[in-house]
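The values are calculated or read from the model by the stated rules, or taken from the named source; none is laboratory data. This one's a predicted model, so the numbers in the text were calculated from it and none came from an experiment. Note that we place each Cβ from the backbone using ideal geometry, even for glycine, and neighbour counts take in every protein chain shown.
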């Protein structure tokens, strides 16, 4: 729709001001040549057409909307004129392909914005209309699976890098699940592009209320099932049983090790963000949303259970070593083994975090370390991953040697690249 357009029976209109925009205007005020005002509301995407509603509106009612004294939902169903002008528009058209008058009170509830669809313009809050519409309605309108992530920050700041890590790990997990469910499971090498195309998600909207992200499948879902929805459903089932190892073994039966590793990475990203995360999703055929609440404490406990289970295939050793690096923010450590000068660099597990917070650089510690052989598909190199399971002081602490160039302090904001 252009900034100036024509409606039969109404005449020429122009966009007066935009109230809400994401991926283009979704709610705006249009003005006729007679200075009459219309609340213009994007109602649905219908393939190559967009459905728009035009509601005659007074300046007084418009102020109520802008000042959050009335929701968009109520403004539509209690339209002052009693009707809504329903139109359908081809892309980039200046005139609709169809137009009809609809009684405002007869509009189905599922087609309306949610009861909390307030526009708080004074506070400059950006509220996505999509967030007020259930995911299954959006999925049906777009004919794509819809996934929503809501990071419940509870007033805290959420680092962009950590939010991005959650999305990246979610995508990586769905890719791995999809590869296995497509019958192409492999321990090494790249995932086939055909699988990646089917499981790919795109960011379609953001919304307020903590940090809200709406993701949609890149491909249209024209059949009752899709690889992306199968992968999402499997992930949802696994998340709901993340604290039950027996159930997890059943869910991961038939999936390759890559799926387990990426699922752990997803859990780790949620622990790192230090907030609960709500995940909801729906397919175009769904009759409602499926919702999972990933509580920080429960995810950390599930992760610890997985780490303990991993010990069967990993090597655990107690290393007497000097602590030469510690970053509490990135949860990384570096030890130098006494007697061999072997350097051990890796991640601090939750079980060792309390001890690590009170540790002192250059002191000697008994470190319980888990080591696991890993294959890097991009470099085709085998590497050893180290994780700190426990930490306790060993004997008397060694004095700092300011002349030793191998002693490092990574600080709270410095990053470290593991060699």
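So the check is Cβ under 9 Å with 6+ separation or different chains; which pairs have a first residue in region 15-32 that's under 14 Å from residue 5 (Cβ atoms) and a second one that's at pLDDT 85 or above and in a loop (DSSP other than H, G, I, E, B)?
32/10
For residue 61, are the conditions met, namely being part of a helix (DSSP H, G or I) and either closer than 14 Å to residue 19 by Cβ or in contact with a strand residue (DSSP E or B) (Cβ under 8 Å, 6 or more places away or on another chain) (or both)? Working first, answer last.
Details: part of a helix (DSSP H, G or I): yes; either closer than 14 Å to residue 19 by Cβ or in contact with a strand residue (DSSP E or B) (Cβ under 8 Å, 6 or more places away or on another chain) (or both): yes.
Judged against the criteria, residue 61 is a match.
Take residue 305 and tell me if it is crowded, with 20+ Cβ neighbours inside 10 Å, assigned to a helix (DSSP H, G or I) and either modelled with pLDDT of 85 or more or in contact with a helix residue (DSSP H, G or I) (Cβ under 7 Å, 6 or more places away or on another chain) (or both). Quick ask: steps written out before the conclusion?
On the way: crowded, with 20+ Cβ neighbours inside 10 Å: no; assigned to a helix (DSSP H, G or I): yes; either modelled with pLDDT of 85 or more or in contact with a helix residue (DSSP H, G or I) (Cβ under 7 Å, 6 or more places away or on another chain) (or both): yes.
Judged against the criteria, residue 305 is not a match.
Quick one: in region 84-118, which of the residues that are surrounded by 13 or more Cβ atoms within 10 Å (Cβ to Cβ) and touching a helix residue (DSSP H, G or I) at 6+ places or on another chain (Cβ under 6 Å) is farthest from residue 27 (Cα to Cα)?
Per the stated criteria, the residue is 104.
Looking only at region 20-35, filter to residues that are modelled with pLDDT under 80 and part of a strand (DSSP E or B); which one of those is nearest to residue 50 (Cα to Cα)?
So in region 20-35, the residues modelled with pLDDT under 80 come out as 20-25.
Add one more test, that the residue is part of a strand (DSSP E or B), and what stays is 20-21, 25.
Working: 20: 16, 21: 15, 25: 12 Å.
Ranking the qualifying residues of region 20-35, first place goes to 25.
Go through region 340-358 and give me each residue that's in a loop (DSSP other than H, G, I, E, B) and either modelled with pLDDT under 90 or crowded, with 19+ Cβ neighbours inside 10 Å (or both).
Taking region 340-358 as the starting set, the residues that turn out to be in a loop (DSSP other than H, G, I, E, B) are 340-342, 349, 358.
Those that are in a loop (DSSP other than H, G, I, E, B) and either modelled with pLDDT under 90 or crowded, with 19+ Cβ neighbours inside 10 Å (or both): 341, 349, 358.
Suppose we filter 33, 20, 72, 39 for residues that are more than 21 Å from residue 108 (Cα to Cα) and either touching a helix residue (DSSP H, G or I) at 6+ places or on another chain (Cβ under 7 Å) or buried (at least 18 other Cβ atoms within 10 Å of the Cβ) (or both); which single one remains? Even if it seems obvious, please write down each step before you answer.
On the way: 33 fails: either touching a helix residue (DSSP H, G or I) at 6+ places or on another chain (Cβ under 7 Å) or buried (at least 18 other Cβ atoms within 10 Å of the Cβ) (or both); 72 fails: more than 21 Å from residue 108 (Cα to Cα); 39 fails: more than 21 Å from residue 108 (Cα to Cα).
Answer to the check: 20.
Taking region 144-170 only, how many residues are at pLDDT 75 or above and part of a loop (DSSP other than H, G, I, E, B)?
Final tally of qualifying residues: 2.
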